[in-house]
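Worksheet: one structure, shown below.
The values are calculated or read from the model by the stated rules, or taken from the named source; none is laboratory data. This is a predicted model, so every value here is computed, not measured. Quick reminder, even Gly has a Cβ in these numbers, built from the backbone with ideal geometry, and neighbours come from all protein chains shown.
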């Protein structure tokens, strides 16, 4: 029964074996995620494989 005025998201994704080290310190990092749409009764989005998504609804 609640309505959502807006949303923003961050995603952490990459290939299965990706990791950060001294030569590639920024390979795996949170990035802005805006590939979602508001639909009746919810939000629709598709996550890439090997990812974690944080959506904040306001």
Among residues of region 37-58, those that are in a strand (DSSP E or B), at pLDDT 90 or above and within 21 Å of residue 6 (Cβ to Cβ), counted
5
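Filter region 1-30 down to the residues that are loosely packed, with under 10 Cβ neighbours inside 10 Å and not in a loop (DSSP other than H, G, I, E, B) and list them by number.
So in region 1-30, the residues loosely packed, with under 10 Cβ neighbours inside 10 Å come out as 1-3, 5-6, 16-17, 19, 21-23, 25-26.
Within region 1-30, 21 is the sole residue that qualifies.
Given the criterion free of Cβ contacts under 8 Å to residues at least 24 places away in the same chain and out of contact with any strand residue (DSSP E or B) (no Cβ under 9 Å at 6 or more places or on another chain), identify the matching residue among 24, 44. So that I can check it myself, show each step before the final result.
On the way: 44 fails: out of contact with any strand residue (DSSP E or B) (no Cβ under 9 Å at 6 or more places or on another chain).
Just a single option satisfies the conditions, and that option is 24.
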Conditions (1) in contact with a strand residue (DSSP E or B) (Cβ under 7 Å, 6 or more places away or on another chain); (2) exposed (fewer than 10 other Cβ atoms within 10 Å of the Cβ): number failed by residue 52:
(2)
